[in-house]
Amino acid sequence: MKRLVGISLYPIGLLLILVATLAFFKVPVRDGLGLLYSGAVGDRFAWSRMAVKSTPMLLTGLGMVVAWRGGIYNIGGEGQFIVGGIFGGTVARFAVFTSHPWSPWLATSGILVACVAGGAAWAWLAGWLYLRRGVEVVISTILLNFIALQFLGYCCSGPLQEKAKQVPLTDALPDEVMLPKLSRQMDAHFGVVLAIMAALLIYTYLFRTRAGFRVRLVGENPRMARANRIDAGRAKIQAMVVSGALCGLAGGIEYLGMSGQLGTGFSQQWGFLGIPVALLGGLHPLACILSASVFGALLAGAENLARYTPTGSTLVYVIQAVAVLGYVGIKAYRDRLPAVEA
Amino acid sequence: MATLIVDNVFKRFGGVAALEAVSVEFRSGEIHAVLGENGAGKSTLMNVMSGFVRPDRGTVLLNGTSIPLGIAFACKQMGIEMIHQHFTLTPAFSVEENLALARLDRLATTIDTKALAGKALAIAKSLEWEVDPSARTGQLPVGVQQRIEILKALSGEAEVLIFDEPTAVLSPSEVEDLFRVLRRLRDEGKCLILIAHKLSEVLGVADWVTVLRNGRVVATAPRDEVDSDKLAFWMVGQMPDRASRSDSKERVDGLTVRSLSIKGDRGEASVSNATFEIRQGEILGFGGVDGNGQVELAETLAQIRKHSSGAVLWCGRPFGSDLPRIGYVPQDRQTDGLALRMSIRDNMLVSALHRPSFWSGPLIRAKQVGAWVDSLIDRFSIKAESGSDLTGKLSGGNQQKVIVSRILDDEPGLLVVLNPGRGLDIKATEYVYDVLLAARDRGAAIALFSTDLDELYSLSDRVLFMLRGQLVDATGASAMLGG
């Protein structure tokens, strides 16, 4: 009962934050909330937008969950997302934009697998640097984000640029290669299902498999893992690779589900947005479905808000930041070391 | 003159009653020992008196004024200081900085560590303790760290000093010195409250004794009116039978260690040229004061630490990937033995990762694991509501049981054990000893590292001592221990 009351406080807190932020930026609170609501869940198109916005965040959020559970602080979701996209774009170059294109089904899966591999490889690099060279993952992943972004810029105006060589973008994928959609008018695509499946899979991995158990153990107490002859380095690398694979998958789904082409604006901060999703989800894969939906709804609602008021979608980032800070504060307060009884 | 009165205090954790209607009076100029089994409520009582735990009902009065219940910082300012079982020192700080930290009353201020630590260092001198103010605290032996913990408490205006199991980590000579200091503080008029689990120590130093059982006060009596039998009876109801040592007849080759040298964490030579044998079905005891290479040697035997030269062999051959099966009971159960924020189940599972019956493919067979965990909780009488309880919420004794149970159930061929009875009460200690002896009789080779001579001699078939990384026999050791 007490727990239920505690959980119900979160939406109330979120609402308060929404109201306060709107008021602070001098948006009429009632109208603002109405616009956010109708943009996020007002009709089926809004639902579809919300789902599509939540999907990449859910996947990158799951990536953060796995790495952080293993005690390895991956901040490089953004870079892994982008490198995933680059790998996918490269495969698309050979599978789609040639004189002998692969069958659409094969091309789609090939691109998706390449994206996963790209994200995993980029994360593995940071893990390897940590284990072999002692480079802090927080630092290396942030720097690898910049490298990935610059590399994407090079690819889009170099080897992967569209045929006419006029704009820094790759060729747009034909519709038959894109992920199937719910309907012609709606954005919602098969990637939404993939992301939810990924959440279930990651839950199973962390809490029902031997490998995931090792990852959690190493994250909770590396010294205890050592005393039980569990190879902490191996577990951490594994956590990092799985984490990167998820971020790469997020990139693949964005590429094949939404953008259809790569440009320097390919990732709309999806890698970074995974961090608040993971935190607000309490580092639990299933709770991340909920937290990603909340942020997805905010983003979708804010688009609506931006259409009617001068306040841009930046408002959402403010709301998000306040929500995460509030949550972290509450958690820090609640996790104060309990008195040990004996 | 100070009196601390605990008046009708109740406290529950989850469904378990830790304290029920507890009333005790502690007076200044006395050493008052509180005794009890694991989970009897000793530490909870201490935590209530020092403001770390807020009781559900009841009050605590210091000189007639109610203490600010549940607010440790304010209790400290009133003069109630607690010396914790697990030290509250900052390892990366120097001794001086740690002492100064305890006297820091505001955060936003310039800090003169020398001045803040001055009083504590002067007290150290008056107690005839040699303390190097610039030493890095984390690198000092536990005995010295405890002195710093005590100095921190004394440097305030402490009237009441609460010691939670202070002797658990100390060697016999260190215990003697601690008691000398306790008596002196008593004669200075302080009110001293002591939790100790060893009856002989309690009887040697206490003026009054209070016994708790299952969260209730069984009795409070002056020292002269009790003896160890009576106290033991109060604590456990009846004394458990002492484990009978059945000497095993058959002895098979087991562990052979030849001219082994090991480097410590800072690259220093921590063990040099150690040679010994432990046959299967034998307990070899390693005694000596903490910090003479025991942990390094134990970790090497348990295949956690690499050695720099020499050989470690099992049945004449180098260790294989699965032979022998090694069980390791580490010295510090909270940092090396358990993941405190994980469940009992997860903490037990650590030692069973290799068992085929618990896995199908990559998946855990939750039902089998759950049944196994329940059976261990039952067999080792671990006080918990279920296997999903966090180990961090268990009492120290029950935490040790989680470690020992998971390791012994694995039937290791080589068992490396450090201070297995540390911080445990009589019943739990007896139980752990019995299980160790049973493991020996089953044919395990056991390396027992202990700073407790009683423990060492009551369990070991042979005893060696460690002195600055060298192995010496008992004759050499008696000189080292001061006769």
Exercise. Per-residue HN-Hα couplings for segment A:15-25, Karplus 6.51 cos²θ - 1.76 cosθ + 1.60 at θ = phi - 60°, whole Hz, x for Gly and Pro?
Worked result: 4, 4, 4, 4, 4, 4, 5, 4, 4, 4, 8
Exercise. For segment A:1-83, max minus min Cα coordinate along each principal axis, in Å, sorted largest first?
Worked result: 42, 37, 27
Problem set entry | Summed buried accessible surface, chains B and A, 1.4 Å probe, nearest 100 Å² | 2800 Å²
Problem set entry | Per-residue HN-Hα couplings for segment B:404-409 [Karplus 6.51, -1.76, 1.60; θ = phi - 60°; Hz; x = Gly/Pro] | 5, 5, 5, 7, 6, 5
Problem set entry | Nearest-0.05 FRET efficiency for B:D441 and B:E176, computed from C-beta distance (R0 25 Å) | 0.10
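Calculate, in whole percent, how much of the Cα-Cα pair population of segment A:188-342 lies beyond 18 Å.
Result for the distance tail: 69 percent.
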Seminar exercise, completed: So the angle from the long Cα axis of helix B:113-126 to the longest Cα principal axis of chain B, reported in degrees to the nearest 10, equals 80 degrees
For this session: With runs of 4+ DSSP H residues as the only contributors, calculate the mean residue ellipticity of chain B at 222 nm using -39,500 (n - 2.57) per run, divided by the residue total and rounded to the nearest 500.
Result: -9500 deg cm²/dmol
Exercise. Which value in nm describes the separation of the simple spin-label points at B:N214 and A:R44, placed 7 Å from the Cα toward the beta carbon?
Worked result: 6.5 nm
For this session: Quantify how strongly other chains surround peptide B:329-337 by giving the mean number of their Cβ atoms within 10 Å of each of its Cβ atoms.
Result: 3
Seminar exercise, completed: Any residue on another chain or 5+ positions along whose placed amide H is under 5 Å from the amide H of B:V463 is listed here as B:G285
For this session: Using only the alpha-carbon atoms of segment B:29-114, report the extent along each of the three principal axes, biggest first, to the nearest angstrom.
Result: 41, 29, 28
Problem set entry | Whichever lysines have a C-alpha closer than 22 Å to that of B:K230, once near sequence neighbours (fewer than 8 apart) are set aside | B:K42, B:K198, B:K427
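Viscosity 1.002 mPa s, temperature 20 °C: Stokes-Einstein D of chain B from its Kirkwood Cα radius, in µm² per second? All intermediate terms of the calculation are to be shown ahead of the outcome.
Values: Rh = 23.9 Å.
Roughly 90 µm²/s, to the nearest whole number.
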Problem set entry | All Cα pairs of segment B:77-152, percent lying beyond 15 Å | 52 percent
Exercise. Can you pull the three principal axis extents for the Cα set of segment A:163-266, in Å, largest first?
Worked result: 60, 32, 17
For this session: Provide, for q = 0.07, 0.09 Å⁻¹, the log10 of I(q)/I(0) from a solvent-free Debye sum over equal Cα point scatterers in the protein assembly as shown.
Result: -0.67, -1.01
For this session: Pop a pseudo-label 7 angstrom from the Cα along the beta-carbon direction at both B:D374 and B:A92 and give the gap in nm to one decimal.
Result: 4.6 nm
For this session: Express as a percent, rounded to the nearest 5, the fraction of DSSP beta bridges in the protein assembly as shown (both residues included) that run antiparallel.
Result: 55 percent
For this session: Average the reciprocal distances over every distinct pair of alpha-carbons in segment A:54-290, invert the result, and give the Kirkwood radius in Å.
Result: 17.7 Å
Exercise. So between B:R317 and B:F73, what do we pick up on full extension, going 0.36 nm a residue minus the alpha carbon distance?
Worked result: 82.1 nm
Problem set entry | Segment B:S357-B:N8, extension gain: residue separation times 0.36 nm, minus the distance between their alpha carbons | 120.6 nm
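If each DSSP helix of 4+ residues adds -39,500 (n - 2.57) and the sum is divided by the residues in chain A, what number results at 222 nm, nearest 500 deg cm²/dmol?
Values: 13 runs with 246 residues, N = 342.
Helices in chain A give a 222 nm mean residue ellipticity of -24500 deg cm²/dmol.
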For this session: With a point put 7 Å past each Cα toward its Cβ, work out how far B:D473 is from B:R27 in nm, to one decimal.
Result: 5.4 nm
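Determine, from the Cβ-Cβ distance of B:S200 and B:R365 and an R0 of 41 Å, the FRET efficiency 1/(1 + (r/R0)^6), rounded to the nearest 0.05.
The pair B:S200/B:R365 has a calculated efficiency of 0.30.
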Problem set entry | Cα-based equivalent ellipsoid of segment A:87-198: semi-axis lengths in Å, sorted from largest, via gyration tensor | 29, 20, 13
For this session: Would you list which lysines come within 23 Å of A:K331, measuring only between C-alpha atoms, while excluding same-chain residues fewer than 8 positions from it?
Result: A:K2, B:K393
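Expressed as a whole percent, how much of the Cα-Cα distance distribution for segment A:217-274 exceeds 15 Å? Don't jump to the answer; show the numbers that get you there.
Working: 999 of 1653 pairs.
In whole percent, the share of Cα-Cα pairs in segment A:217-274 beyond 15 Å is 60.
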Seminar exercise, completed: FRET efficiency for B:K230 and A:R133 from the Cβ-Cβ distance with R0 = 51 Å, rounded to 0.05, comes out at 0.20
For this session: May I ask you to give the average projected area over all directions of the convex hull of the Cα atoms of segment B:118-216, in nm² rounded to one decimal?
Result: 7.2 nm²
Exercise. Which of the peptides B:310-318, A:216-224 is most tightly packed, and how do the rest follow, judged by the mean count of other Cβ atoms within 10 Å per residue?
Worked result: A:216-224, B:310-318
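The values are calculated or read from the model by the stated rules, or taken from the named source; none is laboratory data. In this text the structure is predicted, and so the values were computed from the model without any measurement. Note that we place each Cβ from the backbone using ideal geometry, even for glycine, and neighbour counts take in every protein chain shown. The accessibility values were calculated without ligands, DNA or RNA, using every heavy atom of the protein model including side chains. Shrake-Rupley method; radii C 1.70, N 1.55, O 1.52, S 1.80 Å.
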